[in-house]
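Heads up, the thing below is written out as structure tokens.
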Amino acid sequence: MKAARLYGKQDLRLEEVPMPEVKPGEVLIKVKAVGICGSDLSRYTKLGPKFPDRGPLVWGHEFSGEVTEVGEGVTSYKAGDHVTACPALPCFECEYCKKGEYARCMTLEVIGAVRDGAFAEYIALPERNLVPLPKNVSFEQAALIEPTCVCFHGLYKLNMQPGDDVAVMGCGPIGLLAIQSAKVFGAKRIIAIDIMEEKLEWAKACGATDVVLSKIDDYDSARNGVLEVTNGRGVDVVIESGGTPVTSAQVLGLGCKGAKVLYLGIPYGDITIPREYFEKIGRSELTIYGAWNAIQQGFPGKPWTSVVAFLEKGMLDFSPIITHRYPLDDIEEVFKANYERKTLFGKILFFPEGVEK
């Protein structure tokens, strides 16, 4: 079968590889749609494989597909079932796993890092990682369930309330999904912040009620814009999804007194926080939340069942977020074009069976 394996920085190769072996307790899935995660882009451009000594692995972890074969002992799935899957691989044995705090697992890994992932025609995974899909949820929409669950996991942690005002810093795919998530959680006002006007248009299509065009050369532009929209109050919930050293500091200035600040982005760089922004933590009595992955008690947990339910009911729609669709054959060129900044993109999806015309 065809699969894309990561050999090193800027070295992703589409190759012919053996079909996955279906072990007892595992399920073979024909991949229908698979997306690029922001962490994939960081590994491609800056980091390379997490464990290079293990050799190249099939990459990719945001996907949906159809069951084609079940291994010995599998009882919950059969050939023909539509599924997505949680890509996380907790140990289920450490002190945190035993408490159901799987996102805090001492040895947590994901597919694509320690076992083959989903940039391929087929993938085999443990039965417990699979999540069933209603037939009215398309494979394209279902490929975005995993990153949406990341947002839901964070919002459940901070106990967001209906009627809260929310600011989302950074309108890449995670930021756009955070906007849609905040909307179904009952946000009254959702303020989207980005340095690109095109992304703010995407944000409005996803449900943002207000937008703020921040500026690279004006550190306070995001804060000033939010304060203007909220008549000087600030917002109840701040979501950092830009994943840059600057935005990671800027978000501390956007909340009202007692606001909750949720970090979803990964800056991959040292962060310098101006004194007046750092002091907001104490002077405004902010509560800072870190959220990692998308897994909770009842593995993979409530975020997954919730996102699937909202999709089934039509309360989530990822169409405005999906900007590019390619056959899997184009994956090397697409990653290279992204690295060379040749295009503006939201969520990029690959279709191993080809893109429908």
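Quick check on my filter: what residues within the range 129-144 are over 19 Å from N293 (Cα atoms) and β-branched (V, I, T)? Before the answer, list the steps.
We begin by selecting, within the range 129-144, every residue over 19 Å from N293 (Cα atoms); these are 132-141.
If the condition is that a residue be over 19 Å from N293 (Cα atoms) and β-branched (V, I, T), then V137 is the only one that fits.
Checking S76 against (1) of a type outside the set (D, E, K, R); (2) surrounded by fewer than 14 Cβ atoms within 10 Å (Cβ to Cβ); (3) modelled with pLDDT of 95 or more; (4) more than 25 Å from N136 (Cβ to Cβ), which single condition isn't satisfied?
Here S76 meets the rest and fails (4).
Could you go through the range 100-107 and let me know if any residue there is open to solvent by 30 Å² or more (accessible area, probe 1.4 Å), within 30 Å of E340 (Cβ to Cβ) and either free of Cβ contacts under 8 Å to residues at least 60 places away in the same chain or of a type in the set (S, T, N, Q) (or both). Explain how you work it out, then say what you get.
Kept after step one, since they are open to solvent by 30 Å² or more (accessible area, probe 1.4 Å), are these residues of the range 100-107: 101-102, 104, 106-107.
Checking the rest, the ones that are also within 30 Å of E340 (Cβ to Cβ) come to none.
No, the range 100-107 has no match at all.
All but one of (1) out of contact with any strand residue (DSSP E or B) (no Cβ under 7 Å at 6 or more places or on another chain); (2) of a type outside the set (D, E); (3) open to solvent by 10 Å² or more (accessible area, probe 1.4 Å) hold for F139, so report the exception by its number.
For F139, the failing item is (1).
Name every residue in the range 120-156 that is in a helix (DSSP H, G or I) and at pLDDT below 95, in order of residue number. Lay out the reasoning, then the answer.
The first filter runs over the range 120-156 and keeps only residues in a helix (DSSP H, G or I), leaving 127-129, 139-142, 145-156.
Answer for the range 120-156, where residues must be in a helix (DSSP H, G or I) and at pLDDT below 95: there is none.
Given the criterion out of contact with any His (no Cβ under 6 Å at 6 or more places or on another chain), within 24 Å of G38 (Cβ to Cβ), surrounded by 16 or more Cβ atoms within 10 Å (Cβ to Cβ) and free of Cβ contacts under 8 Å to residues at least 60 places away in the same chain, identify the matching residue among S248, S241. Lay out the reasoning, then the answer.
Values: S241 fails: free of Cβ contacts under 8 Å to residues at least 60 places away in the same chain.
Being out of contact with any His (no Cβ under 6 Å at 6 or more places or on another chain), within 24 Å of G38 (Cβ to Cβ), surrounded by 16 or more Cβ atoms within 10 Å (Cβ to Cβ) and free of Cβ contacts under 8 Å to residues at least 60 places away in the same chain holds for just one of S248, S241, which is S248.
When the residues of the range 277-319 are filtered to those that are assigned to a helix (DSSP H, G or I) and aliphatic (A, V, I, L, M), which remaining residue is farthest from I348 (Cα to Cα)?
Of all residues in the range 277-319, those assigned to a helix (DSSP H, G or I) come to 277-278, 280-283, 302-312.
Within this subset, residues satisfying the condition of being aliphatic (A, V, I, L, M) are 281, 307-309, 311.
Working: I281: 36, V307: 20, V308: 20, A309: 23, L311: 19 Å.
Here the answer is I281.
Please identify the pairs in which a residue from the range 28-43 that is over 18 Å from Y7 (Cβ atoms) has its Cβ atom under 9 Å from the Cβ atom of a residue that is in a helix (DSSP H, G or I) and small (G, A, S), counting only partners at least 6 apart or on another chain.
Final answer for the pair search is K32/A142; A33/A142.
Modelled with pLDDT of 95 or more, over 22 Å from the mean Cα position of the chain (by Cα), surrounded by fewer than 21 Cβ atoms within 10 Å (Cβ to Cβ) and outside any strand (DSSP E or B), is that true of D329?
On the way: modelled with pLDDT of 95 or more: yes; over 22 Å from the mean Cα position of the chain (by Cα): yes; surrounded by fewer than 21 Cβ atoms within 10 Å (Cβ to Cβ): yes; outside any strand (DSSP E or B): yes.
Yes; evaluated as a whole, the condition is true for this residue.
Looking only at the range 178-233, count how many residues are open to solvent by less than 20 Å² (accessible area, probe 1.4 Å), more than 27 Å from S319 (Cβ to Cβ) and in a loop (DSSP other than H, G, I, E, B).
Total satisfying the criteria: 1.
The values are calculated or read from the model by the stated rules, or taken from the named source; none is laboratory data. Being a predicted model, the structure only gives us computed values, none of them experimental. Backbone-built Cβ (ideal geometry, glycine too); neighbour counts: all protein chains shown. Remember, those area values only see protein heavy atoms, side chains included, never the ligands or the DNA or RNA. Shrake-Rupley method; radii C 1.70, N 1.55, O 1.52, S 1.80 Å.
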